[in-house]
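First up is the structure itself, then whatever we jot down about it.
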Amino acid sequence: MPVLTAALALAGDTMTRVAADLARIPAGEFLLGASDAEADERPIHRVFVSEFFIGRFPVTNGEYARFVRATGHRPPAVRALPMIASAGQDATFKELAAQYVWTGIEPRPGRGGHPVVLVTYEDAEAYCAWMSQTLGRLVRMPTEAEWEKAARGGVDGCRYPWGDEIDQSRANYLVDPSLKNQRGTAPTGTYAPNAYGLCDMAGNVWEWVSDWYGSEYYAAGDARNPQGPRDGAMRIVRGGSWVNEDVRALRCSCRHPVPPDTYAYSIGFRIVCAA
């Protein structure tokens, strides 16, 4: 009984903590994509998305550590290099990734509140599966449409979560490329939230979404709760990161396809719960 009691207490504490860090996104239509952007962001079109709850912050190292301790899942580390580190980029990748490698099953001191990185799509799926089991309700990654609706904060057409002009006081991105090796992730909540109360929807870390990538999906996708193509060769990350100097990556509509084996010092994720 003491073991069962402890498990129930853990589940209760986890539910309370997660519930406090979720924001409600109301059901309704919004304009997905951008008319003045890349070809795969067009045509801009109206879609309906049902109500859902999304994490106010990306999943942090501290939260991910509870998952690693509970399940024995591999901690963030540099493993076989992903395809994005090919073409002579392996040394740079390893250098920038080094500060995010965990010591054993714990993140480095002082980084508990930073978003977790060096996680693959499959790692994010495994975390969501554990959270689903722990909470007794479905936890998953957002779809592209859910992510973009949340990023826009209820306002159609804006380029960034706060408006149309880039603002370095609102997001963590690479303002000075010469300082790339001195920059890095910032603790979640460092920058002001958008109108839905969500932080880091632009910058800090790219975020996995659940869809496969389809370059022409916007022209043929569902108008109600689009889920993306049934399969594909590429996955998608959204939102831009601390390592991006091209601010177009921080736009709400930006779709960044990556190979399925991708992990990086600039990619994390946030969770969604059904209403």
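The values are calculated or read from the model by the stated rules, or taken from the named source; none is laboratory data. Since we're looking at a predicted model, the values are computed, not measured. Cβ atoms come from the backbone with ideal geometry, glycine included; neighbour counts cover every protein chain shown.
Residues in the range 77-117 that are of a type in the set (A, V, I, L, M) and part of a loop (DSSP other than H, G, I, E, B): Ala77, Val78, Ala80, Leu81, Ala87, Val101, Ile105, Val116, Val117.
Okay, residues lined up against (1) within 11 Å of the chain's Cα centre (by Cα); (2) among the aromatic types (Phe, Trp, Tyr); (3) buried (at least 21 other Cβ atoms within 10 Å of the Cβ):
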{"residue": "Val117", "(1), (2), (3)": "yes, no, yes"}
{"residue": "Tyr127", "(1), (2), (3)": "no, yes, yes"}
{"residue": "Thr134", "(1), (2), (3)": "no, no, no"}
{"residue": "Arg137", "(1), (2), (3)": "no, no, no"}
{"residue": "Ala145", "(1), (2), (3)": "no, no, yes"}
{"residue": "Glu148", "(1), (2), (3)": "no, no, yes"}
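For beta carbons closer than 7 Å, sequence separation of 6+ or different chains, a first residue in the range 57-71 that is assigned to a loop (DSSP other than H, G, I, E, B) and a second that is β-branched (Val, Ile, Thr), the qualifying pairs are Phe57/Thr188; Pro58/Thr188; Pro58/Val205; Val59/Val116; Val59/Ile271. Flag not set for Ala151, criterion: in a helix (DSSP H, G or I), out of contact with any helix residue (DSSP H, G or I) (no Cβ under 8 Å at 6 or more places or on another chain), among the small types (Gly, Ala, Ser) and farther than 27 Å from Pro229 by Cα.
Restricting the range 53-77 to residues that are crowded, with 16+ Cβ neighbours inside 10 Å and touching a Leu at 6+ places or on another chain (Cβ under 7 Å), the residue that is nearest to Tyr191 (Cα to Cα) is Arg56.
Residue-level check: of (1) closer than 20 Å to Ala34 by Cα; (2) within 18 Å of the chain's Cα centre (by Cα); (3) surrounded by fewer than 19 Cβ atoms within 10 Å (Cβ to Cβ); (4) of a type outside the set (A, V, I, L, M), Arg152 misses just (3).
Report yes if Val117 is touching a residue at least 60 places away in the same chain (Cβ under 8 Å) and within 21 Å of Arg235 (Cβ to Cβ), otherwise no. Answer is yes for this residue.
Of the residues making up the range 222-275, those that are part of a loop (DSSP other than H, G, I, E, B), modelled with pLDDT of 95 or more and among the aliphatic types (A, V, I, L, M) are Ala223, Ala233, Met234, Val243, Ala264, Ile271. The residues of the range 166-180 that are among the charged types (D, E, K, R) and either buried (at least 19 other Cβ atoms within 10 Å of the Cβ) or over 19 Å from Cys199 (Cβ atoms) (or both), listed by number, are Arg170, Asp176, Lys180. Within the range 199-246, the set of residues being buried (at least 20 other Cβ atoms within 10 Å of the Cβ), in contact (Cβ under 8 Å) with a residue 60 or more places away in the chain and among the aliphatic types (A, V, I, L, M) comprises Val205, Val209, Ile236, Val243.
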